[in-house]
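To keep things clear, I will list the structure first and then write my remarks on it.
The values are calculated or read from the model by the stated rules, or taken from the named source; none is laboratory data. Source: prediction; values computed, not measured. Here the Cβ positions follow ideal geometry from the backbone for every residue, glycine too, while neighbour counts run over all protein chains shown. Please note that ligands, DNA and RNA were not included when accessible areas were found on the heavy atoms of the full protein model with its side chains. Shrake-Rupley method; radii C 1.70, N 1.55, O 1.52, S 1.80 Å.
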Amino acid sequence: GSLQFKGQYRHSALGVLWQFLTPLILVVLFYVVFTTFRYSGNDLLWLSLCVGIFTYVYLENSIIGGSMCIVNNAQLVKKTNFPRELIAVSHIVINFITYLIIINIIIGLSLSSGVSISLTNIIIVIPIIALMVIFSMGAILLLSAIVVYIRDIGHFMLAISRMVFWTAPTVYTVYDVSGLLEALLWCNPMTWYIAPLQDIICFNITPSLTVLMGSFVISIIFIVVGPIVFAKLKNGFAERL
C-alpha cells in the first residue's frame, strides 16, 4: 500500500499534496463561477461545494481509479502469490485516510461558520461514511476484476468520469435542481452518499429514512456482488495480464 502510494507521486514535486490540491482547485473554480454568474443565494455555497467535490473526488479516486488497480499491478499479480483482494483493499485504505482527514476539517469549518450540527446528525455521519466505503470496496472488486478481461471498461470509466461528476450533487445540491437533472442525480449511486452529507454538514438537516435506506441497499448490493465476481474471475488474472 505504502509503495503504491509513494509510486503514484514519484516524479511529482508536490507529491501527496495533490490529494488535497486537485479538489481544492475545483472548489475555488466553481465557487468563482457560481457566485459570479449563477449565484444561488446560499451564503454557505463554499461549504456545499467542499462537501460535494471532496466526497466526489474520494469516490472517483476509489472507484474509477480503483477499476484499473489489478491491471496497473500486473507484474505483481503474475509474479507473487498473495490474496489479490489486498490490492483493492490497499487502494481503498489510501483514499479513505485522506478523505477522513478532509471531512473532519470540513465539519470543523461548518461548525465555525455558524452551522449548528446536532449531535444526532454528527453521529449519523459515521454510518453514511461507513456505507460509502463499503460501496466503494464492492465497486472496486467488481470493476477491477471485469477490467482484466474487458480492458475497454476501464477506459470507459475514465471517459464518463466527467459526466458522472455533473450528475452528482457536487456544484449544486439536490434542492437546486428539478426535472431530468434531478432524475439523473438520483440514478447516480454517488448521490445517495453525497446528498445526506451535504444535508447534515451544510444545513443540519437529518437525512430522510428513504435516502439512508437507499445508501444502505446500494452498499449491500455492491459488497455482495463485487466479492463474488472477483472470486470467480481472479484465478484467470495471471494469464489474462
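Calculate, for Val224 and Val89, the FRET efficiency according to 1/(1 + (r/R0)^6) with r their C-beta to C-beta distance and R0 22 Å; round to the nearest 0.05.
Result of the calculation: an efficiency of 0.85.
At a 1.4 Å probe radius, which order do Phe222, Phe54 fall into by accessible area, largest first?
Highest to lowest solvent-accessible surface, that is Phe222, Phe54.
From the backbone phi of region 93-98, what are the Karplus-calculated ³J(HN,Hα) couplings (6.51 cos²θ - 1.76 cosθ + 1.60, θ = phi - 60°) in whole Hz, Gly and Pro given as x?
Per residue, the Karplus-derived 3J(HN,Hα) values read 4, 4, 5, 5, 4, 4 Hz.
Given the convex hull over the Cα atoms of the chain, what projected area results after averaging over all orientations, in nm²?
That works out to 13.8 nm².
Using +1 at the C-beta of Lys and Arg and -1 at the C-beta of Asp and Glu, which of Tyr149, Val51, Leu76 has the Cα lying farthest in the positive direction of the dipole of the chain?
Of the listed residues, the answer is Leu76.
At 0.36 nm per residue, and after removing the present C-alpha to C-alpha distance, how many nm does the segment from Lys78 to Thr22 gain when stretched out fully?
Gain in length upon complete extension: 16.9 nm.
Let's test the formula: R0 of 22 Å, r as the Cβ-Cβ distance of Trp166 and Val71. What FRET efficiency results, to the nearest 0.05?
0.25
About its Cα centre, what dipole magnitude does the chain give when the only charges are +1 on Lys and Arg Cβ and -1 on Asp and Glu Cβ, stated in debye to the nearest 20?
Once rounded to the nearest 20, the dipole reads 920 debye.
Rounded to the nearest 20 Debye, what is the dipole magnitude of region 129-241 about its Cα centre when Lys and Arg each give +1 and Asp and Glu each give -1 at the C-beta?
Roughly 440 debye for region 129-241.
Want the number for Phe156 to Ser116: 0.36 nm per residue separation, take away the alpha-carbon distance, what's left?
10.2 nm
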